[in-house]
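Data block below; observations after.
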Amino acid sequence: SKSKIRVFCLGIGTNVNTHLLDKITEETNAASQYVLPEENLEYKVSRFYAKISEPVLADLKLTIDGPDRVLGIYPKNLPDLFKGDQMVVLGRYEPGDKKGKVTLEGTIRGKKRTFEYEAVFPKEKEGNSFIPRIWATRRVGYLLDEIRLRGEKKELKEEVARLARKYGIVTPYTSYLIIEDEKDIPIARRSLGRIAPGAAAPIVEKELLAIETEAKIAYDSFKSEKSGEEAVRGAASGIALKDADGLSSFSAAKDLAYAGGKAAQKQIASENRMLDGKTFHLAGDLWIDDEARDDKDKKIEELKFASKEYFDFLEKHPELIKFLSLGANVDLLHQGKIIRCRR
């Protein structure tokens, strides 16, 4: 693992040992690629070869000066940079409102090169609300890999559930952890709770039981199987999560995982919506802000949809229009208070 050799692994079909391939690439700071039966083999192999055939900067090291604390950098180990590649590095820093310097070091044909850039680290910046979700997607990918390759731990499961719920990262593997984490929350306010208008409670519980059963089977296969279709889909989905550089990356990871045909979970995956940094879960005809699911000890302001008070409220708080436009029934947390809009 201390050598400069990179071992890139290509897994074709489902009869491959994903744990072995992924651990080899992890140890050699390379990458794995999987080709599923329904995918175009020639296209994926040629694309993979083209990506790794022309390295331009190796042994990368990133140094960030300015913030007092920098944490959660992903990718954890910077891979080599290849011709035509774009590398997106995500992380968190504390505190904001500081200036500093970003230094990237690497080697080109054995010669060391250094690139320095002046940087500003603002406390917050409008228009960047999508960045936390991309960071969370990568973080979830790394945590799931830890569970898959090294075994589950309570703290890993809890963090996956928290991030997946907050940012709407719903896959077969996160679904079960979210369900387990919400056992004590009323069904109507669970992230994955689906309540058809007028449905009786037993029907709701039956639907949730079906979702939970599918999710548990998928999760158990994910964490225990090294080869086979579920193992390959889990590994491929994890790569897409860890390499996320845009909101479409999560969709790619979700599609890879759900291609196995988990009908109940496919539906609940589409019933989460990310909007300007907030995640909303659909329960029947009610959109619930994830931060408003627990309404204990919180003040509640009730609004009747399309009433004079409703439009007066929107005129006073135009920044909330995009959230309340989800529908007539919305629960929204704003400034520590729950805005409860009903038809």
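Scanning region 26-54 for residues that are surrounded by fewer than 16 Cβ atoms within 10 Å (Cβ to Cβ), outside any helix (DSSP H, G or I) and touching a Phe, Trp or Tyr at 6+ places or on another chain (Cβ under 8 Å) yields Ser53, Glu54. Being at pLDDT below 90 and not assigned by TED's automatic domain parsing to the domain that holds Thr25 is a property that does not hold for Asp59. Residues that are touching a strand residue (DSSP E or B) at 6+ places or on another chain (Cβ under 6 Å) and in a strand (DSSP E or B) occur in region 302-317; there is at least one. Total residues in region 168-182 satisfying the condition of being part of a loop (DSSP other than H, G, I, E, B) and over 17 Å from the mean Cα position of the chain (by Cα): the figure is 1.
In region 237-245, the condition of being in a loop (DSSP other than H, G, I, E, B), modelled with pLDDT of 85 or more and at negative phi is met by at least one residue. Checking each residue in region 210-222 for being out of contact with any Leu (no Cβ under 9 Å at 6 or more places or on another chain) and either outside any helix (DSSP H, G or I) or modelled with pLDDT of 75 or more (or both) picks out Thr213, Glu214, Lys216, Ile217, Ala218, Asp220, Ser221. Filtering region 132-155 to residues that are among the aliphatic types (A, V, I, L, M) and either buried (at least 18 other Cβ atoms within 10 Å of the Cβ) or not assigned by TED's automatic domain parsing to the domain that holds Ser237 (or both) leaves Ile134, Ala136, Val140, Leu143, Leu144, Ile147. Only one entry in Asp331, Asp289 is in contact with a His (Cβ under 9 Å, 6 or more places away or on another chain), closer than 22 Å to Ile169 by Cα, crowded, with 16+ Cβ neighbours inside 10 Å and free of Cβ contacts under 8 Å to residues at least 60 places away in the same chain, namely Asp289.
Scan region 1-25 for residues that are surrounded by 16 or more Cβ atoms within 10 Å (Cβ to Cβ) and charged (D, E, K, R) and the total you get is 1.
Based on this model, can you work out whether Ile24 counts as aliphatic (A, V, I, L, M), modelled with pLDDT under 90 and out of contact with any helix residue (DSSP H, G or I) (no Cβ under 7 Å at 6 or more places or on another chain)? The answer is no for Ile24. For region 69-96, a residue qualifies if it is more than 20 Å from the chain's Cα centre (by Cα) and farther than 19 Å from Ala50 by Cα, and the qualifying residues are Arg69, Val70, Glu94, Pro95, Gly96.
The values are calculated or read from the model by the stated rules, or taken from the named source; none is laboratory data. Given the structure is predicted, the values throughout are model-derived calculations rather than measurements. Counting neighbours? That spans all protein chains shown, and the Cβs are built from the backbone with ideal geometry, glycine included.
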